[in-house]
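Values quoted throughout were computed directly from the atomic coordinates according to the rules given, and no laboratory measurement underlies them. This structure is a prediction, so every number in the text was calculated from the model and none was measured. Neighbour counts are summed over all protein chains in view; Cβ atoms, including those assigned to glycine, are modelled from backbone coordinates with ideal geometry.
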Amino acid sequence: MNHIRNIDDIDCGTSANSEYNDYLEFLQNISSLQFLGPFHESPLYPSENTCSLSQLTPVGISQMLKLGRILRSVYSPLFSFANSDDIIIYSTKYRRTFQSALAFAYAILSPDVLSKITFKESDSYSYCFDHCACSITDKIHLKIKQSYSRRLKRREVIKKLIQRLHTIVHVMSNVKVDPYILRDSIMTYVCHGAPLPCYQDDCVTTENVRELFKYLDWDLERYAKHGQLHKYGLLKSYGFALNMAKNLLKMVSEGKPRLVLYSGHDLTSQYLLSALGVLNSQTIIPYYASRLVFEVYRDNTLDTPDPSKDFYFRVIFNGLDVTRTVLFCTSGFYSAGPTDQADYLCPIESAIRFIHEDYFTAFNASNFKEACDKQP
């Protein structure tokens with residue numbers, strides 16, 4: 001939220017419900033916060049009714065509790081956690097992602113298991129870990145931004161509408177005029193059932209919001225086809241991909257961890273999905289409380305000395321199976337999934353090979369440094 005008008009008048013609370021109240025009671029009765037690791041001094045939940053800039057609200061907490069409960073109903077037969085080594089929970093350093101992770105973990109795990117886990121922190125919203133600095137990412141991002149700026153310039157009517165709505169919605173004059181920033185700001189009113197704002201006798205109308213969202217739907221279809229998005233995602237998510245590969249290899253060789261949770265941002269999943277070649281209007285700007293799930297399977301009918309050949313995975317984004325669109329999943333097979341339907345599975349060895357051998361093919365480079373030294 002970028003200093004939006006009348007933010008103090010918006011009630012960001014949520015209607016009373018037993019699930020939310022039970023969660024607050026759990027937090028208030030925790031005897032030790034050491035399991036939260038680097039987050040042990042962070043607020044465990046947001047202010048009850050106040051909307052704060054760039055912070056989670058009780059509505060967001062309720063979303064995470066519901067999402068965790070739904071996924072628990074799907075995966076609970078697999079949740080036989082013996083000790084804390086079975087689960088890893090990461091969050092970026094921001095309060096909102098930590099609070100989201102905590103609420104989701106509470107809903108998907110039992111409280112006694114949750115208190116045995118140590119949270120881990122990432123300094124970067126892209127989970128780049130040791131592979132953050134890259135000289136060409138800003139240049140690639142500029143090309144992508146210039147592309148959608150040109151599209152907007154050619155739509156004079158919508159451009160004037162966005163400028164007008166921007167003036168009404170945003171208090172600060174230094175906020176950039178951007179349709180995507182404007183969308184997020186307007187969602188503050190919509191998600192909390194607040195009246196749309198007015199300024200100097202000019203008001204945002206429901207029809208204005210429809211026109212803005214219709215334009216963004218049109219733009220996202222074109223945004224997703226930008227030739228540089230895949231390269232941008234590869235560079236931004238390389239550290240993340242390496243970390244995931246490390247955890248996948250441990251699952252294969254050691255049988256744990258059994259569950260790894262990364263709590264991040266819309267850009268976190270956008271970068272990773274772009275790197276994997278999963279590019280469409282839904283993956284470019286994910287919805288609030290979006291979830292990207294990698295399900296790991298083992299084929300117990302195989303007898304091979306190489307355990308990695310026994311394992312497969314499936315990619316689920318917001319409930320939709322996108323495994324077939326992953327660029328290195330051209331060969332796989334069907335198997336019964338957790339709900340007994342036929343699922344298309346991708347070999348884990350294909351993912352490991354891609355990350356360790358083929359990741360920088362698009363740059364005609366063999367490693368991260370070489371790729372970052374190339375001209376976009």
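Of the options (i) 38, 27, 18; (ii) 35, 29, 18; (iii) 36, 24, 18, only one is semi-axes √(5λ) of the Cα gyration tensor in Å as computed from these coordinates, and that is (ii). For region 1-146, a/c is not less than 1.5, where a ≥ b ≥ c are the root eigenvalues of the C-alpha gyration tensor, and a/b does not top b/c. That puts it in the oblate class. Summing Cβ point charges (Lys, Arg +1; Asp, Glu -1) relative to the Cα centre of region 167-301 gives a dipole of roughly 800 debye.
When both region 76-104 and region 240-306 are represented by their alpha-carbon centers, they are found 15 Å apart. Remark: Met187, Met172, Met64, Met251 ranked as Met172, Met187, Met251, Met64, counting other beta-carbon atoms within 10 Å and listing the fewest first.
From the P(r) of region 135-230, could you give the percentage of C-alpha pairs in the tail past 18 Å? Summing the P(r) tail past 18 Å for region 135-230 gives 50 percent. Using R0 = 35 Å, the C-beta based FRET efficiency linking Ser31 and Lys93 works out to 0.90. Principal semi-axes of the equivalent ellipsoid, √(5λ) from the alpha carbon gyration tensor of region 1-76, are 24, 18, 13 Å from largest down.
Ranked for footprinting exposure by Cβ neighbours inside 10 Å, fewest first, Val326, Val190 give Val190, Val326. Once the Cα-Cα distance is subtracted from the 0.36 nm per residue extended length, the Leu327 to Ile352 segment shows a gain of 7.7 nm. Applying the Karplus relation 6.51 cos²θ - 1.76 cosθ + 1.60 with θ = phi - 60° to region 247-261 yields 3J(HN,Hα) values of 5, 5, 5, 5, 4, 5, 8, 10, x, 7, x, 9, 9, 10, 10 Hz, where x marks Gly and Pro. Over the residues of the chain, the helix contribution to mean residue ellipticity at 222 nm works out to -13000 deg cm²/dmol, using -39500 (n - 2.57) for each DSSP H run of at least 4.
Remark: region 272-286, residue by residue, has Karplus-estimated 3J(HN,Hα) of 5, 5, 5, 4, 7, x, 8, 10, 7, 5, 7, 7, 6, 10, x Hz, where x stands for each Gly or Pro and the curve is 6.51 cos²θ - 1.76 cosθ + 1.60 at θ = phi - 60°. The residue list Ala289, Ala103, Ile355 was ranked by how far each Cα lies along the charge dipole of the chain toward its positive end, using unit charges on Cβ atoms, and Ile355 comes out on top. A cut-off of 5 Å between modelled amide H atoms, ignoring neighbours fewer than 5 places along the same chain, links Tyr262 with Tyr90. Around the amide H of Leu109, modelled in the peptide plane, lies no amide H under 5 Å away from a residue 5 or more places distant or on another chain. Label separation (Leu24 vs Gln228): 4.7 nm, computed from points 7 Å beyond Cα along the C-beta direction.
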